[in-house]
Amino acid sequence: MSELRTNRIVPRDGLPSGSSGGIIQVKQTVKTDTFSTLSETFTDVTGLSVSITPTRSDSKIMVSYSGCGGSNSNRVGHIRLARVIGGTTTTDIFVGDQGATASQARASSTFVQTNSYYQTAFSGTFIDSPSTTSAVTYKLQLAAGDQDYQVHVGRTHDNSNEFSRSKTPSQITVMEISG
């Protein structure tokens, strides 16, 4: 004999307006290859974006990302989360305030390397309110802390084939949550 027990059933399109917390849909992109840049300008990490079309304009989008970064000794890499609505305007989200000088990086995460054969983990979680039912793309961008060195996502700087080095995946996951 089968038995079904539940304390709540949430409709497919989420909870009614005024309620919050029901997950409507989940999307994820996993990147298993690597990406590198020498640029101090934030550059899209190829293959590390995910698109979602909210079913309601009052929905929230919970974004989580993680990965590992590498560079040569004592160098910094910056990760930034950005949002694109309708394929046109890119907006930096979940970044720190601008410092006293405009030259400071406004990043979502930063990794620092102490050795060229290590990687450092980065991650973040943010709840966004895009206020739209148009397609929304969330993506990660990478910048070197200085233009005289290279930073990487998913690999060490020396990229040796030794077992002590690694290739690591990166991911970005979005969940539409009823507002």
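The values are calculated or read from the model by the stated rules, or taken from the named source; none is laboratory data. A quick note: this is a predicted structure, and the numbers were derived from the prediction, not measured. Counting neighbours? That spans all protein chains shown, and the Cβs are built from the backbone with ideal geometry, glycine included.
This table checks each residue for (1) surrounded by fewer than 21 Cβ atoms within 10 Å (Cβ to Cβ); (2) part of a strand (DSSP E or B).
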| position | (1), (2) |
| --- | --- |
| Arg106 | yes, no |
| Phe111 | no, yes |
| Tyr117 | yes, no |
| Ser123 | yes, yes |
| Asn161 | yes, no |
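Could you count how many residues in region 79-104 are in a strand (DSSP E or B) and under 12 Å from the mean Cα position of the chain (by Cα)? The qualifying residues number 7. Report yes if Asp158 is more than 19 Å from Thr32 (Cα to Cα) and either at pLDDT 90 or above or not aliphatic (A, V, I, L, M) (or both), otherwise no. So Asp158 fails the test. Would you confirm whether or not region 137-149 contains a residue that is under 17 Å from the mean Cα position of the chain (by Cα), within 24 Å of Thr41 (Cα to Cα) and part of a loop (DSSP other than H, G, I, E, B)? No, because not a single residue in region 137-149 is under 17 Å from the mean Cα position of the chain (by Cα), within 24 Å of Thr41 (Cα to Cα) and part of a loop (DSSP other than H, G, I, E, B). Among the residues of region 95-106, none qualifies, meaning not one is out of contact with any Lys or Arg (no Cβ under 6 Å at 6 or more places or on another chain), closer than 18 Å to Ser49 by Cβ and either of a type outside the set (Phe, Trp, Tyr) or modelled with pLDDT of 90 or more (or both). Annotation: of all residues in region 72-94 being at pLDDT below 90, among the β-branched types (Val, Ile, Thr) and surrounded by 10 or more Cβ atoms within 10 Å (Cβ to Cβ), the one that is farthest from Thr173 (Cα to Cα) is Val76.
On the stretch given as region 56-76, residues that are closer than 17 Å to Ala143 by Cβ, assigned to a loop (DSSP other than H, G, I, E, B) and either acidic (Asp, Glu) or touching a strand residue (DSSP E or B) at 6+ places or on another chain (Cβ under 6 Å) (or both) total 0. Annotation for region 6-23: no member residue is surrounded by 15 or more Cβ atoms within 10 Å (Cβ to Cβ), at pLDDT 90 or above and either β-branched (Val, Ile, Thr) or not in a loop (DSSP other than H, G, I, E, B) (or both). Checking each residue of region 168-177 against the condition of being under 20 Å from Phe42 (Cβ atoms), modelled with pLDDT of 90 or more, within 17 Å of the chain's Cα centre (by Cα) and of a type in the set (Asp, Glu) gives no match. The set of residues in region 163-179 that are in a loop (DSSP other than H, G, I, E, B) and either farther than 19 Å from Thr37 by Cβ or touching a helix residue (DSSP H, G or I) at 6+ places or on another chain (Cβ under 6 Å) (or both) comprises Phe163, Ser164, Arg165, Ser166, Ser178, Gly179.
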